[in-house]
Amino acid sequence: MATHHDSNPRNSAHERLDDWEDDLLRRYPPSNGPASHPAVKAGPAPEPAGFRDYQKEARASVREFYRLNHARQTYDFVQAKRADYLRLSRRRMGIWEAMEFLNTLVDDSDPDTDLPQLEHLLQTAESIRADGHPRWFILTGLIHDLGKVLCLFGEPQWAVVGDTFPVGCAFSQKIVFSEFFAENPDCHAPRFQSACGIYAPGCGLDGVTMSWGHDEYLYHVVRDYLPDEALAMIRYHSFYPAHREGEYTHLMNARDHELLGWVRAFNPYDLYTKRDVRPDVSRLRPYYEDLIGEFFPATLAW
Ligand SMILES: [Fe+2]
Ligand SMILES: [Fe+2]
């Protein structure tokens with residue numbers, strides 16, 4: 001649980017969440033972004049210039065974040081988190097209420113950034129809307145990070161954010177800082193360390209257990225209310241080893257390949273829409289409350 005070295009877990013959690021997201025931009029700068037249309041075929045992204053130096057130059061806090069994540073996301077850890085959180089018995093909240101709840105995860109030390117989580121969600125959604133995408137796509141942008149409320153339920157950063165990957169099979173060497181998996185006990189369990197591990201080849205991602213974090217959690221909260229494309233964007237938006245590095249195709253079926261096209265279409269809106277211009281929350285709220293009401297009931301189980 002959130003027993004980290006800091007006396008203010010909310011504050012420190014937020015700083016560390018931003019560490020990971022800022023570092024993603026360093027790893028995948030905009031010039032190396034994928035084409036933003038889902039019709040563009042999947043495949044590994046071109047290796048950015050200097051990619052080999054990326055890990056060497058990473059900040060100490062980012063390295064430590066990945067070390068903890070890779071060492072502790074074991075198959076058993078994930079199953080325990082699923083058994084706990086997927087009962088969805090923490091609280092009932094509407095979507096806008098969850099956005100405001102997530103927004104209490106603020107960095108108290110910086111009064112100029114008092115709406116960071118809500119702003120990221122609105123900026124993502126507004127950019128999707130500006131490009132003329134369907135309403136469900138805009139709504140997906142609005143909600144995609146609400147699973148980060150796990151932080152407010154006491155989960156440490158390494159169990160909320162970070163690149164996600166399957167557990168129960170060999171860890172791809174293309175996962176960032178893959179050397180840290182040497183500290184993961186599953187690395188020494190033969191049944192988990194063949195390419196497919198406990199899974200059948202081509203079984204489909206729906207039958208594969210992913211590392212625990214905000215993506216998988218939110219997927220389960222909203223799965224009854226959105227189309228498959230939206231659910232894939234939510235569930236796999238941090239699955240950089242697949243949607244950016246082209247890994248784990250041996251576990252995928254044809255439908256996964258289709259849906260990953262949508263995950264790739266979503267990714268630039270997540271990574272490259274942080275702007276200095278702050279969204280006008282009160283002006284935008286009626287539009288988004290209407291959009292939320294089109295798809296979701298007044299409250300959901302979290
Ligand atoms: Fe996210
Ligand atoms: Fe995001």
**Report entry** Peptides ranked, highest mean first, by Cβ atoms within 10 Å: ranges 126-132, 209-215
**Finding:** 209-215, 126-132
Query - FRET efficiency for Ala170 and Ala80, using Cβ-Cβ distance with R0 set to 25 Å, rounded to 0.05 - result: 0.70
Query raised in the report: Put a dot 7 Å past each Cα toward the Cβ at Leu88 and Cys187; how far apart are the dots in nm?
Result: 3.6
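Report the Stokes-Einstein translational diffusion coefficient (µm² s⁻¹, integer) for the stretch 132-237, Rh taken as the Kirkwood radius over Cα pairs, at 10 °C with viscosity 1.306 mPa s. Let's see the in-between values first.
On the way: Rh = 15.2 Å.
D, rounded to a whole number, is 104 µm²/s.
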Query - Nonlocal amide H pairs with Leu300, under 5 Å, H built at 1.01 Å - result: Met93, Gly94
**Report entry** Length released on extending from Arg72 to Asp22, taking residue separation times 0.36 nm less the Cα-Cα span
**Finding:** 15.8 nm
**Report entry** Contact order normalised by residue count of the stretch 58-176, Cα under 8 Å, 6+ apart, percent
**Finding:** 27
Query raised in the report: Around Trp262, with a cut-off of 10 angstrom between Cβ atoms, what is the net charge of the other residues, counting Lys and Arg +1 and Asp and Glu -1?
Result: -2
Query raised in the report: What's the exposure ranking of Cys203, Cys169, going from fewest to most Cβ atoms within 10 Å?
Result: Cys203, Cys169
Report summary line: In the neighbourhood of Leu218 defined by beta carbon distances under 14 Å, the net charge of the other residues (Lys, Arg +1; Asp, Glu -1) is 0
Requested in this report: Arrange the following residues from fewest to most other Cβ atoms within 10 Å of their Cβ: Thr74, Thr140.
Outcome: Thr74, Thr140
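Bear in mind these aren't lab numbers, they're just calculated from the coordinates by the rules spelled out. Since this is a predicted model, take the numbers as computed values, not measurements. As a convention, Cβ positions derive from the backbone with ideal geometry for all residues, glycine included, and neighbour counts pool all protein chains shown.
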